[in-house]
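Colleague: Have a look at the structure that comes next, please.
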Amino acid sequence: MKFSRSPWAGRAFDHPDRRVVIAGGAGFIGSHLCDHLIQNGATVVCVDNLFTGSMQNIRPLLNHPKFTFMQHDVREPLDISGRVDRIYNMACPASPRHYQRDPIGTMKTCVTGAENILELAKIKSCRVLQASTSEVYGDPEVHPQPESYVGHVNPIGPRACYDEGKRAAETLFFDYHRVYGLQTKVARIFNTYGPRMLENDGRVVSNFIVQALRNDPITIYGSGRQTRSFCFVDDLVRGLELLMESPPEVTGPCNLGNPAELSIEEIAHKVVALAKSESSISHQPLPQDDPKRRKPVINRANSVLGWKPTIDLEYGLKSTIAYFTLRAAASVSDARVARIDAARSTRSQRGKLRRASTIQ
């Protein structure tokens, strides 16, 4: 299928009069999207239940006059007063370690959450984007993966709560588009990395970086020959915005990811080298239904949106390593401050007791 390049493709957008709701806005990708849209003039309402999102990610925005935070779970109906022009649905834990912690909750977030987001978009007559995932392709039998591939997913496996949940969410988005004429967009996000990833989320890049900085063994599941394609978060945010602002007839699904394919073992050695680590490699059994190969076909994003990744892996890894290095230093500093405060409090209490004893 061929796509004609639109005259607006690849352009930068200003949103001085736009009010945007970002569900999951305190998460890794969502918080970067909040930053980006605020910088381009939009008014942003960030909605998050903080299951995996963090106030730390959005702390610099909390006093911004165009930013509002609402703690809310999208599994419950969402009521936003006033005008809404755009809704990004980024709400769902995205790493196996987190989404398997509450699989039923994950499925409900994907499906009931999507329905509640779509109902809000219908009420507000606004455009809405679903952050879907490459996991809809499962452990693919077609490589690389184009949007036309319908996937190879185990519906009863331990990853199904996320994989099938996201597939069902896509179904809802397209049905709302067909039945109600809602302007919907679906982005299929491939492996994304960068600052603000959770250090305990079990994903490849964050796992490897944290282990490398601690000089712990790098844990590789399986042989390490399985592949992934890693997209830096700034590139992804740009792709999400381009898809959201594309003409109404561009609904997706649209793959957003980096087609540069690397083996897990290759990425491990790159992280060790860039972190100047002494970590060794430790192999563990491959989890059930873990995909063997993952690489997006991005012809649609390139032709229709004028989008492709521009940030190379070495730059992205260095930025992410720097972030985790600062996080580790901040944790040590916070612990030291807490000890000093505790010591001061103890000394103060002792002083009060001594003064009280003298008075008596």
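The values are calculated or read from the model by the stated rules, or taken from the named source; none is laboratory data. Being a predicted model, the structure only gives us computed values, none of them experimental. Using ideal geometry, Cβ is built from the backbone for each residue, glycine included, and neighbour counts are taken over all protein chains shown. With ligands, DNA and RNA removed, areas are computed over all heavy atoms of the protein, side chains included. Shrake-Rupley method; radii C 1.70, N 1.55, O 1.52, S 1.80 Å.
Colleague: Where is the GNM fluctuation largest for the chain (alpha-carbon springs, 10 angstrom cutoff): Gly82, Gly222, Gly25?
Modeller: Gly82
Colleague: Same structure again: Figure the gain on full extension for Glu261 and Asn40 (residue separation times 0.36 nm, minus the Cα-Cα span) and round it to one decimal in nm.
Modeller: Contour length minus the Cα-Cα distance gives 76.3 nm.
Colleague: Further question on the same structure: Give the cross-link partners of Lys318 among the lysines, using a straight C-alpha distance below 19 Å as the criterion and excluding same-chain residues fewer than 8 apart.
Modeller: Filter leaves Lys270, Lys276.
Colleague: Over the range 121-194, what is the relative contact order in whole percent, taking alpha-carbon pairs under 8 Å and six or more residues apart?
Modeller: On the way: 89 pairs, mean separation 33.7, N = 74.
Over the range 121-194, the number comes to 45 percent.
Colleague: So, in nm, how far is label Leu50 from label Gln100 when the simple model puts each one 7 Å beyond its Cα toward the Cβ?
Modeller: Here the modelled spin labels are 2.7 nm apart.
Colleague: Okay, next question. Using a 1.4 angstrom probe on the protein heavy atoms only, line up Tyr137, Tyr180, Tyr149 by accessible area, largest first. Let's see the in-between values first.
Modeller: Values: Tyr137 0, Tyr180 125, Tyr149 30 Å².
The ranking, largest first, comes out as Tyr180, Tyr149, Tyr137.
Colleague: Round to the nearest 0.05 the FRET efficiency obtained for Ser280 and Val150 when R0 = 35 Å and r is the Cβ-Cβ distance.
Modeller: It comes out at approximately 0.30.
Colleague: Step through the residues of the range 176-192 one at a time and calculate ³J(HN,Hα) from phi using the Karplus curve (6.51 cos²θ - 1.76 cosθ + 1.60, θ = phi - 60°), rounding each to whole Hz and writing x for Gly and Pro.
Modeller: Once rounded to whole Hz, the list reads 5, 5, 6, 7, 10, x, 5, 7, 10, 9, 10, 9, 9, 8, 8, 2, 10.
Colleague: A further question follows. Once label points are set 7 Å from the Cα along Cα→Cβ at both Ser303 and Gln288, what is their separation, rounded to one decimal in nm?
Modeller: 4.0 nm
Colleague: Debye sum, Cα scatterers, the chain, no solvent: what log₁₀ I/I(0) at q = 0.13 1/Å?
Modeller: Ignoring solvent entirely, the Cα scatterers give -1.03.
Colleague: Any chance you could give the angle, 0 to 90 degrees and rounded to 10, that helix 233-244 forms with the longest Cα principal axis of the chain?
Modeller: The helix 233-244 is inclined about 40 degrees to the chain.
Colleague: Okay, next question. Could you compute the longest span of the chain free of GluC sites (Glu not before Pro) located in DSSP loops and having at most 12 other Cβ atoms within 10 Å, not counting the site residues?
Modeller: Longest stretch, sites excluded: 1-140.
Colleague: Using helices alone, I'd like the mean residue ellipticity at 222 nm for the chain: each DSSP H run of four-plus residues gives -39500 (n - 2.57), total over residue count, nearest 500.
Modeller: -13000 deg cm²/dmol
Colleague: For the modelled label position 7 Å from the Cα of Leu62 along Cα-to-Cβ, which residues of the range 9-40 have backbone nitrogen atoms closer than 15 Å?
Modeller: Backbone N within reach: 26-27.
Colleague: Mind checking the per residue accessible area of the chain for me, 1.4 Å probe, whole number of Å²?
Modeller: Roughly 47 Å² per residue, with all protein chains present.
Colleague: Where does the longest stretch of the chain lie that holds no trypsin sites (Lys or Arg not before Pro) found in a DSSP loop with 14 or fewer other Cβ atoms within 10 Å? Walk me through the numbers on the way to the answer.
Modeller: On the way: sites that count: Lys2, Arg5, Arg11, Arg83, Arg101, Arg214, Arg225, Lys276, Lys292.
Longest stretch, sites excluded: 102-213.
Colleague: Could you give the length gained by full extension between Asp79 and His143, i.e. 0.36 nm per residue of separation minus their alpha carbon distance, to one decimal place?
Modeller: Between Asp79 and His143, full extension yields an extra 18.9 nm.
Colleague: Next question, about the same structure. Say each of Asp175 and Leu326 gets a label point 7 Å from the Cα, pointing the same way as Cα to Cβ; how far apart are those two points in nm?
Modeller: The two pseudo-label positions are separated by 4.4 nm.
Colleague: How large is the accessible surface of Phe67 in square angstrom, using a 1.4 angstrom probe and rounding to the nearest 10?
Modeller: 10 Å²
Colleague: Moving to a separate point now. Tell me, what is the percent relative contact order of the range 167-258, built from C-alpha pairs under 8 Å that lie six or more residues apart?
Modeller: In percent, rounded to a whole number, it is 42.
Colleague: Of the options Pro155, Gln145, Leu118, report the single residue whose Cα projects farthest towards the positive end of the charge dipole of the range 82-192 (beta-carbon charges: Lys, Arg +1; Asp, Glu -1).
Modeller: Leu118
Colleague: If you don't mind, another one. For the range 222-252 and the range 176-209, what is the centre-to-centre distance using only Cα atoms, to the nearest Å?
Modeller: 8 Å
Colleague: Given Cβ point charges of +1 (Lys, Arg) and -1 (Asp, Glu) and nothing else, what value in debye, to the nearest 20, does the dipole of the range 1-153 about its Cα centre take?
Modeller: Using only the charged Cβ atoms, the result is roughly 480 debye.
Colleague: Write down the percent of antiparallel bridges among all DSSP beta bridges whose residues are both part of the range 182-319, to the nearest 5.
Modeller: Values: 3 of 12 bridges.
Bridges in the range 182-319 are about 25 percent antiparallel.
Colleague: Something else: Can you give me the % of accessible surface on the range 124-201 that is carbon or sulfur? Probe 1.4 Å, all protein chains present, nothing else counted. Show your work: numbers first, answer last.
Modeller: Working: 1460 of 2890 Å².
For the range 124-201, the apolar C and S fraction of the accessible surface comes to 50 percent.
Colleague: When only C-alpha pairs under 8 Å and at least 6 residues apart count, what is the relative contact order of the chain, in percent?
Modeller: Reported relative contact order: 17 percent.
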